[in-house]
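*Asks:* Provided herewith is a single structure, encoded as structure tokens, for subsequent inquiry.
Read the figures in this text as sums done on the coordinates, not as results from a lab. Here the structure is a predicted model, which means the values were calculated and not measured. Virtual Cβ from ideal backbone geometry, glycine too; neighbours counted across all protein chains shown.
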Amino acid sequence: MELNTYQQEAFNYQRPNIETFGKKNIFWSVFFLLWIIVGGYALYLQIAKGHIVTGMRDNVVWGLFIVNFIFFIGLSYAGAIIGGVLHLLKVPWGKPIVRLAQMMTLISVIVGPIFILLCVGRFDRLHHLFIYPRIQSPMTWDVMAVVTFFAGAVLFLYMALIKDFAVYRDAKMNIPAWKQKLYKILAIGYRGAASQKRHLLISQNLLAIIMIPLSIIVASILSWIFGMTLRPGWHSTIFGPYFVLGALYSGLGVLIVAMWVYRKMYKLGDYFTDTHFTYLGYGLLVLSAGYGYFTFSEYFTDWFGSAKWDNEVINKLFSMKAYGGWTLFANAAGILLPILIVAIPGTRKPGYISLAAFVMVIALWVKRYLIIVPTLETPALPMQDTRMEFVKYSATWPEWALTFAGIATFLLFFTIMSKFVTVVPVTGLEEYNFPHTPHHHAHEPVAEIKEELQKA
Amino acid sequence: MDEQSVKRKQSLITQTSAMKQDEAINDKSRREFLKTAALATAITAACGSLACSCSSKKEVIGKKVQLLSPDGEIVEIDSAYLNHHETMSVLAQHEQRIGIPGKKFVMVVDLARCKNARKCVSACQKHHYRPDDKEWLTVKLMQDSDKGAPYWFPKQCFHCDNPPCVKVCPVDATFKRQDGIVLIDNDRCIGCKFCMAACPYSTRVFNWDEPDMPVDIQHLEYNAETGVPAKVGTVEKCDFCPDRSREGLLPPCVEACPNGVFYFGDENEDTVTNGDETLSFTQLIKDRAGYRFLEELGTKPRVYYLPPKDRQFPVERGYDNLPDTLKARFKDVMEGVGKKS
């Protein structure tokens with residue numbers, strides 16, 4: 001594989017990340033593994049004793065697990081849309097961050113479905129989904145959607161990696177033989193011949209074209225698991241687009257946070273530049289405005305119409321005695337905060353934007369909780385049950401342990417993956433992506449925008 | 001009970017059992033019939049041996065019974081080793097899914113007669129071997145508006161004609177039969193609980209841990225018509241007791257009610273009975289302004305309610321004598337009444 005000087009430089013810079021694991025990474029990996037072990041114990045309890053160890057009961061049949069499922073799978077859809085759009089539109093500044101988006105897509109489509117499996121009472125009968133499928137169930141649609149999406153996510157990431165694998169293979173790095181062999185296999189004989197380049201590009205274009213609408217479809221299908229029921233707060237025509245936007249929004253937030261972490265950890269400031277944070281920050285601003293609009297539209301319609309059942313949910317969401325505090329947090333931190341941070345020039349800096357994105361991601365997780373639990377706590381008939389755990393959901397420690405185990409798995413995958421591939425794709429880079437080198441004009445587009453902004 | 005209604009009830013019963021026989025003769029080949037019979041005996045024998053191993057104190061009476069073993073041999077065992085279960089009719093799985101031909105089961109609940117005697121609840125639990133805290137049939141205390149008077153509202157599965165639960169089941173574990181009944185196949189249910197989320201009437205209950213079942217029941221083959229045995233990690237609910245209908249009997253809740261609240265019957269025959277009186281279904285609905293709960297959801301329930309007009313009991317009759325744990329359920333509504341009056 002022949003590399004131009006920029007690509008060579010990017011590779012040389014990131015090469016040590018692949019060659020050594022690093023003390024910090026070992027520490028974090030062990031830390032994540034410990035969480036996963038705790039989660040494993042919780043899982044053992046759940047399997048041995050049944051779902052009784054969770055806080056879920058006959059009214060609130062789904063809890064933290066499904067919240068996590070929506071959350072992670074949302075990140076995945078966002079990664080595919082962001083990666084696909086950046087690829088198709090050939091956005092020059094997007095090249096260094098495409099890999100991160102694609103990694104997020106794959107990792108979260110692995111972690112997310114684990115949580116839906118945790119909701120299922122009978123692990124041992126999962127094959128029934130395939131031997132007795134019933135096409136009219138939104139759950140079946142979701143199974144098909146997630147499986148298809150998973151295949152797409154693997155291919156999408158892999159296609160983008162082939163060229164890089166060829167680089168790693170040819171670089172004669174100081175790595176174990178098995179790793180060298182792995183790169184050789186994964187590079188599937190790519191030598192950079194014209195026909196290989198053409199085929200790869202066509203495949204990538206096709207995949208990007210498939211993945212964007214696929215993400216929208218699967219995010220909508222996920223929303224329909226709730227939207228297709230007759231329950232207040234769920235049975236809403238806005239739910240499909242609402243989930244698509246929510247997924248994209250929270251995914252962009254996680255991407256920004258991931259960029260910030262890798263920038264610190266591997267000192268990738270030359271690739272994940274301030275401009276990236278600013279541009280993605282603008283994206284965040286637009287999406288938060290959109291998400292805020294959807295949220296307002298949803299609540300306002302229910303509240304103004306004030307049908308009895310709908311209103312019961314709205315009252316719970318806005319009453320300080322029930323979920324009022326959380327609703328306030330979800331909307332203040334999840335919608336207003338990113339808008340303010342990005343809109344004010346003084347805070348439009350990588351650190352602030354990442355912090356806002358991080359808080360927003362948590363707020364959006366809370367928002368998913370507010371979508372699921374209050375509705376389930378509001379059945380049409382009065383519950384009239386003296387067992388409090390049947391009336392009000394409160395997550396138990398095994399649920400929290402498994403939640404944190406899921407987050408730990410997510411982070412562990414990121415850690416390990418960054419030891420196999422360069423976080424910044426080497427082969428896609430061009431002159432434009434090197435604002436730090438003095439011998440070119442890469443500063444210009446940014447400078448131009450700045451000038452324009454100043455004029456305006 | 002007047003003569004006519006007795007006759008009508010009897011005809012209902014004989015028709016059901018006649019139907020059952022017809023079915024056995026016409027719908028199945030002889031071979032299949034024998035297979036089922038062999039299975040039935042095998043299971044009964046298995047029950048017998050199980051019961052025997054658990055309670056060895058049983059006295060041998062000396063009365064011998066001939067049984068067909070799974071190998072096709074005729075074996076003779078003492079009748080003391082047999083365990084008798086009224087509800088353990090064994091049906092082929094595909095038959096459980098089809099339903100009783102020609103029937104369209106329907107229920108009418110007369111809210112004017114309910115005083116929360118709770119006999120229906122315990123009869124249901126007994127019939128299905130369910131513990132006290134598992135209520136397939138619950139009695140709610142409803143109050144439609146602030147000024148409205150509270151009334152007792154027994155609620156079981158509505159066996160909707162447009163069932164939201166069946167629509168969402170990903171594996172066809174819950175299904176609608178041609179006799180109108182919605183059942184659950186707990187050998188197939190994966191426990192995703194989507195049906196529970198989809199049911200607007202909170203009808204379904206989940207086995208959050210290993211269900212508490214009598215030992216000899218636990219290991220029987222699952223029968224969707226009885227919901228027995230319960231299985232961990234699966235969903236269950238009221239089944240309209242088609243096993244009883246096959247025998248020409250009424251569901252236990254209907255029989256147990258001291259006030260004749262529940263009328264059960266067949267919409268095709270246009271007949272419903274509460275055990276004491278047998279009436280025309282359409283006439284009853286017409287005369288008493290029968291309605292379906294949350295009709296606006298479009299689920300088309302097969303359970304109709306007669307409004308609580310001219311009630312036979314004051315609402316307190318169902319509250320004052322309750323144990324405290326049950327009282328606590330209805331306290332809010334009852335105390336709300338006190339404040340307003």
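*Asks:* Given labels modelled 7 Å from the Cα in the Cβ direction, how far is it in nm from A:Phe300 to A:Val91?
*Replies:* So the two model labels end up 2.8 nm from each other.
*Asks:* Spelling out what I want: for every residue of segment B:303-313, take phi, set θ = phi - 60°, compute 6.51 cos²θ - 1.76 cosθ + 1.60 (Karplus), and round to whole Hz; glycine and proline get x.
*Replies:* Running phi through 6.51 cos²θ - 1.76 cosθ + 1.60 with θ = phi - 60° gives 10, 10, 10, 9, x, x, 9, 6, 6, 7, 9 Hz.
*Asks:* Right, another one. Using a simple spin-label model with points 7 Å from Cα along the Cα→Cβ vector, what separation in nm is obtained for A:Trp397 and B:Phe313?
*Replies:* Going by the 7 Å Cα→Cβ label model, 4.5 nm.
*Asks:* I'd like the distance separating the alpha-carbon centroids of segment A:222-293 and segment B:93-148, in whole Å.
*Replies:* After rounding, the separation between the Cα centres reads 47 Å.
*Asks:* If one computes the Cα centroid of segment B:274-341 and of segment A:351-422, what distance in Å separates the two points?
*Replies:* 40
*Asks:* Once R0 is set to 60 Å, what does the formula 1/(1 + (r/R0)^6) return for the Cβ-Cβ distance between A:Gln8 and A:Met388, expressed as a FRET efficiency to the nearest 0.05? Intermediate results must be reported in sequence, preceding the final value.
*Replies:* On the way: r = 65 Å, r/R0 = 1.08.
Calculated transfer efficiency: 0.40.
*Asks:* Once you average over the residues of A:47-60, how many Cβ atoms of partner chains fall within 10 Å of each Cβ? Intermediate results must be reported in sequence, preceding the final value.
*Replies:* Working: counts 1, 1, 4, 9, 8, 6, 2, 1, 0, 3, 3, 11, 3, 2.
Mean inter-chain Cβ contacts per residue within 10 Å come to 4.
*Asks:* Work out, step by step, the length gained on full extension between A:Ile416 and A:Gln180: first 0.36 nm times the residue separation, then minus their alpha carbon distance; give nm to one decimal. Let's see the in-between values first.
*Replies:* On the way: separation 236, 0.36 × 236 = 84.96 nm, distance 1.62 nm.
So the chain would gain 83.3 nm between A:Ile416 and A:Gln180.
*Asks:* Calculate, in nm to one decimal, what A:Leu117 and A:Lys172 gain on full extension: separation in residues at 0.36 nm each, minus their alpha carbon distance.
*Replies:* On the way: separation 55, 0.36 × 55 = 19.80 nm, distance 4.22 nm.
Computed gain between A:Leu117 and A:Lys172 is 15.6 nm.
*Asks:* Sticking with this one: As an exercise, use a Förster radius of 35 Å and the Cβ-Cβ distance of A:Asp124 and A:Ala193 to find the FRET efficiency, rounded to the nearest 0.05.
*Replies:* 0.10
*Asks:* Longer than 30 Å from Cα to Cα, which of B:Lys115/B:Lys176; A:Lys172/A:Lys349; A:Lys179/A:Lys264 are they? Say none if no pair is.
*Replies:* Numbers: B:Lys115/B:Lys176 32 Å; A:Lys172/A:Lys349 39 Å; A:Lys179/A:Lys264 26 Å.
Over 30 Å apart, Cα to Cα: B:Lys115/B:Lys176; A:Lys172/A:Lys349.
*Asks:* Right, another one. Where the only charges are on Cβ atoms (+1 Lys, Arg; -1 Asp, Glu), what is the dipole of segment B:94-306 about its Cα centre, to the nearest 20 debye? Mind showing how you got there, number by number?
*Replies:* On the way: 28 positive and 32 negative charges, 107 e Å.
Once rounded to the nearest 20, the dipole reads 520 debye.
*Asks:* Now a separate question. Just report the Cα centroid separation between segment B:208-246 and segment A:99-168, whole Å.
*Replies:* 35
*Asks:* So what is the diffusion coefficient of segment A:44-109 in µm² per second by Stokes-Einstein at 25 °C and 0.890 mPa s, using a Kirkwood Rh over Cα pairs?
*Replies:* Numbers: Rh = 14.1 Å.
Reported coefficient: 174 µm²/s.
*Asks:* Quick check: the angle from helix A:95-119's long axis to the longest principal axis of chain A, C-alpha only, nearest 10 degrees?
*Replies:* The answer is roughly 30 degrees.
*Asks:* Note the count of lysine pairs whose C-alpha atoms are less than 22 angstrom apart in segment B:194-341, limited to pairs 8 or more residues apart or on different chains. Mind showing how you got there, number by number?
*Replies:* On the way: B:Lys237/B:Lys300; B:Lys286/B:Lys300; B:Lys286/B:Lys309; B:Lys309/B:Lys340; B:Lys327/B:Lys339; B:Lys327/B:Lys340; B:Lys331/B:Lys339; B:Lys331/B:Lys340.
Qualifying lysine pairs in segment B:194-341: 8.
*Asks:* Within segment A:203-235, what residues put their amide N at less than 20 Å from the label point 7 Å along the Cα-to-Cβ vector of A:Gln136?
*Replies:* Residues passing the 20 Å test: A:221-222, A:224-231, A:235.
*Asks:* Using a 10 Å cut-off around each Cβ, can you sort A:Met265, A:Met211, A:Met388, A:Met139 from fewest to most neighbouring Cβ atoms? Could the numbers behind the result be given before it?
*Replies:* Working: A:Met265 16, A:Met211 26, A:Met388 9, A:Met139 23.
Result, fewest neighbours first: A:Met388, A:Met265, A:Met139, A:Met211.
*Asks:* Moving on. Quick one: compute the contact order of segment A:12-423, relative version, from alpha carbon pairs under 8 angstrom and 6+ residues apart, as a percent. Intermediate values should be presented prior to the final figure.
*Replies:* Details: 528 pairs, mean separation 130.2, N = 412.
Value for segment A:12-423: 32 percent.
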